[in-house]
Amino acid sequence: MRPLYRYIVATILFVIGGTFATQAQGYVKLNGLYALGGVVNPQVEFRLSEHSAFQTEIVYSPWRSINSHHMHFGIFQNEYRYFVRQTNDGFYVGATVGMMAFDMSKPQITNGRIELQNRYCKGYGFMAGAVIGYEWRFAERWLLDAYVGFGYMHSNYNGYSLNGVIDLHPSRPEDKQPASPDPLNSSAEWLPTKIGLSIGFLLWK
């Protein structure tokens, strides 16, 4: 996953540099909701026009495992936002695109409860979706940003049992089994892509 992290850092530095060059209004933010779970989610949002903004962010879980379940992943996501009232003030809707790399146990719903599978996956993927949120400027340079996003995720990965044995056979109909073990599984789902309550500071204007 290391090359992905390098790309993420380079892209964020490029965006920040471009923002300073154009002297656009920009906030730096941190998702407090994720931080409670030990997941890092820094964000940079800058104004494009009276009603629109662009945000770039990363989500990084440093946890190699939690209770023997793998939980190590990174997400890089970009977002366009349209504000009903004015930029950084009130309700907004947006469109998101992103990519991810992961080494984690997938969540599943069992008897109405969210649980982690007794296996883990290592791979990469991309996502695209929509977001709705609300920003409240409670001080001259400070704001709160509450949001939730939902979208399409497509992943390519290898599956492993918790003892490290690889599962090379994807779940397929019997008449469509590959002639030899398939080294990559694929999956596509419609899932929540983000949720949070971020605090932001106006770093430049």
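The values are calculated or read from the model by the stated rules, or taken from the named source; none is laboratory data. Owing to the predicted nature of the structure, the values given are computational and were not obtained by experimental measurement. Note that each Cβ is placed from the backbone with ideal geometry, even for glycine, and that neighbours are counted across all protein chains shown. Calculation scope for accessible area: heavy atoms of the full protein, side chains included, ligands and nucleic acids excluded. Shrake-Rupley method; radii C 1.70, N 1.55, O 1.52, S 1.80 Å.
The calculated FRET efficiency for the pair L202 and V40, based on their C-beta separation and a Förster distance of 25 Å, comes to about 0.75. For W142, the accessible area of its heavy atoms, probed at 1.4 Å with every protein chain present, is near 100 square angstrom. In this structure, L48 and R119 have a Cβ-Cβ separation that, at R0 = 45 Å, corresponds to a calculated FRET efficiency of about 0.55. The amide H of Q25, built 1.01 Å from its N in the peptide plane, has R47 as neighbours under 5 Å, considering only residues 5 or more places off or on other chains.
Where a ≥ b ≥ c are the square roots of the eigenvalues of the C-alpha gyration tensor, would you call the range 67-111 rounded, which needs a/c under 1.5, or, failing that, prolate if a/b is larger than b/c, or oblate?
Working: a/c = 3.76, a/b = 2.26, b/c = 1.66.
In terms of gyration-tensor shape, prolate.
The C-alpha atoms of the range 24-129 occupy a region whose extents along the principal axes are 49, 28, 25 Å, arranged from largest to smallest.
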